[in-house]
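Report on the following structure.
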Amino acid sequence: MTRGRLEAFSDAVIAILMTIMVLELRAPDEPNLASLRPLLPVFFAYALSFVFLGIYWNNHHHMFTTVERVNGRVLWANLHLLFWLSLFPLTTAWMGENHFDPVPAAWYGGVSLMAALAYYILQNSIINAQGPGSKLAEAIGSDMKGKISPALYLAGIVSASFSKWVSVGFYVVVAVIWFVPDRRIESTVD
């Protein structure tokens, strides 16, 4: 299988997930600014998840520019990642509609953690398929961002039990870390 087919499928799934999330946003019943206030947690949860899905889409695209071969293990690892990403609309809606209460905030972190681990598995599957001297292996190096993110997700999950804002703060920190474009792959491919 060519990498293009896998990328196109993944792009479509991520686009659908973003669409599902925006469809969960409901317009206020009243035509005034005060009616927007109760929707702020829902919108914030949506914006955070939109950023996360955008980050995954962007990094997935960059990662696959280094791929020469796609094997069955890479296909399954990619589906594993898409599975966890597909849960973002559910956890986003649950967390936003419940104003970041501890259980939904912890579940959001759990899904985020599992998506991060699935991305790591996909990354390693590609490296195994391409070999230790691959462009991707060279580009990611020590992968500090990839190692810090799961720890921050875990901190967010644990802190949800005593402070929903600290919990969400950890998730925002992960988004900020990854929002800054990662030039490692671009510099290796060029």
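The values are calculated or read from the model by the stated rules, or taken from the named source; none is laboratory data. All figures in this text were calculated on a predicted structure; none of them were measured in a lab. Reconstructed Cβ throughout: ideal geometry from the backbone, glycine too, with neighbour counts over all protein chains shown. Note: areas computed on protein heavy atoms with side chains; ligands, DNA, RNA excluded. Shrake-Rupley method; radii C 1.70, N 1.55, O 1.52, S 1.80 Å.
Structure notes:
- Region 152-177, residues that are of a type in the set (Gly, Ala, Ser), part of a helix (DSSP H, G or I) and either crowded, with 21+ Cβ neighbours inside 10 Å or in contact (Cβ under 8 Å) with a residue 24 or more places away in the chain (or both): Gly156, Ser167, Ala175
- In this structure, Gly133 does satisfy being of a type outside the set (Ser, Thr, Tyr) and open to solvent by 30 Å² or more (accessible area, probe 1.4 Å).
- Residue check, Val51 under 18 Å from Tyr119 (Cα atoms), touching a helix residue (DSSP H, G or I) at 6+ places or on another chain (Cβ under 7 Å), open to solvent by 40 Å² or more (accessible area, probe 1.4 Å) and at pLDDT 95 or above: yes
- Each residue in region 16-36 was checked for being open to solvent by 50 Å² or more (accessible area, probe 1.4 Å), closer than 30 Å to Leu81 by Cα and of a type in the set (A, V, I, L, M), and 5 of them qualify.
- Candidates Ile121, Ile177 - the one that is under 25 Å from Leu87 (Cα atoms), of a type in the set (A, V, I, L, M) and modelled with pLDDT under 95: Ile177
- Boolean, Asn59 is closer than 28 Å to Glu138 by Cβ, open to solvent by 20 Å² or more (accessible area, probe 1.4 Å) and either at pLDDT below 95 or out of contact with any Leu (no Cβ under 7 Å at 6 or more places or on another chain) (or both): yes
- His60 being closer than 30 Å to Ile126 by Cα, in contact (Cβ under 8 Å) with a residue 24 or more places away in the chain and out of contact with any strand residue (DSSP E or B) (no Cβ under 6 Å at 6 or more places or on another chain): yes
- Some residue of region 17-33 being outside any helix (DSSP H, G or I) and within 26 Å of Lys135 (Cβ to Cβ): no
- Per-region count, region 68-83, residues under 20 Å from Asp143 (Cβ atoms) and either surrounded by fewer than 20 Cβ atoms within 10 Å (Cβ to Cβ) or among the small types (Gly, Ala, Ser) (or both): 3
- In region 94-115, residue farthest from Phe83 (Cα to Cα) [restricted to those that are without any contact (Cβ under 8 Å) to a residue 40 or more places away in the chain and among the hydrophobic types (A, V, I, L, M, F, W, C)]: Trp94
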